[in-house]
Amino acid sequence: MSVTRNDLMPWILTALNDLGGEAKIVTIAKHIWDNHEKDLRSSGDLFFTWQYDMRWAAMKLRQVGKLAMPEDTERGRWAIKK
C-alpha cells in the first residue's frame, strides 16, 4: 500500500488522542514519525513533503469539524474539536 497525504489525517487524530487531545505541531510530527517512519520512507515524494502535507491534512480536518480552528487554540498547537 502506498501512503498518500490523505493518510496523514487519521495519523494526526491518533497522535492528538495519544497526546491528550491537544499538542504542539512539532510534537504531533514527532509522534507521526515515531509511529510511521517506515511508511513515510517508502512513500515516494511524500517523504520529502509530509510535514507540509500534514498542515494540509489539518486544514481538511478543520473543514470537516474534527480539529479546532486556529483562533481557538494557542499558536503552534492543534486540538481535537470539542
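We did not get these values from a lab; they are worked out from the coordinates using the rules stated. On a predicted model such as this, the values are computed, not experimentally measured, just so you know. Glycine also receives a Cβ, built like all others from the backbone with ideal geometry; neighbour counts cover every protein chain displayed.
Counting pairs on different chains as well as pairs 8 or more places apart, how many Lys pairs in the chain have Cα atoms under 19 Å apart?
Taking the Cα cut-off of 19 Å, the pair count is 9.
Just to confirm the filter: which trypsin sites (Lys or Arg not before Pro) across the stretch 17-80 are DSSP coil and have at most 14 other Cβ within 10 angstrom of their Cβ? Before the final figure, lay out the partial values.
Numbers: sites: LYS24, LYS30, LYS38, ARG41, ARG55, LYS60, ARG62, LYS66, ARG75, ARG77; in loops: LYS66, ARG75.
Listed in order of number, the matching sites are ARG75.
Given 20 °C and 1.002 mPa s, compute D for the stretch 5-79 with the Stokes-Einstein relation, Rh being the Kirkwood radius over Cα pairs; round to the nearest whole µm²/s.
Result for D is 174 µm²/s.
Residue separation times 0.36 nm, minus the C-alpha to C-alpha distance between LYS30 and PHE47: what's the value? Could you put the intermediate results ahead of the total?
Details: separation 17, 0.36 × 17 = 6.12 nm, distance 1.41 nm.
Residue separation times 0.36 nm, minus the Cα-Cα distance, leaves 4.7 nm.
Which of MET69, MET9 comes first, and how do the rest follow, when ranked by fewest Cβ neighbours within 10 Å?
Values: MET69 10, MET9 18.
Fewest-to-most ranking of MET69, MET9: MET69, MET9.
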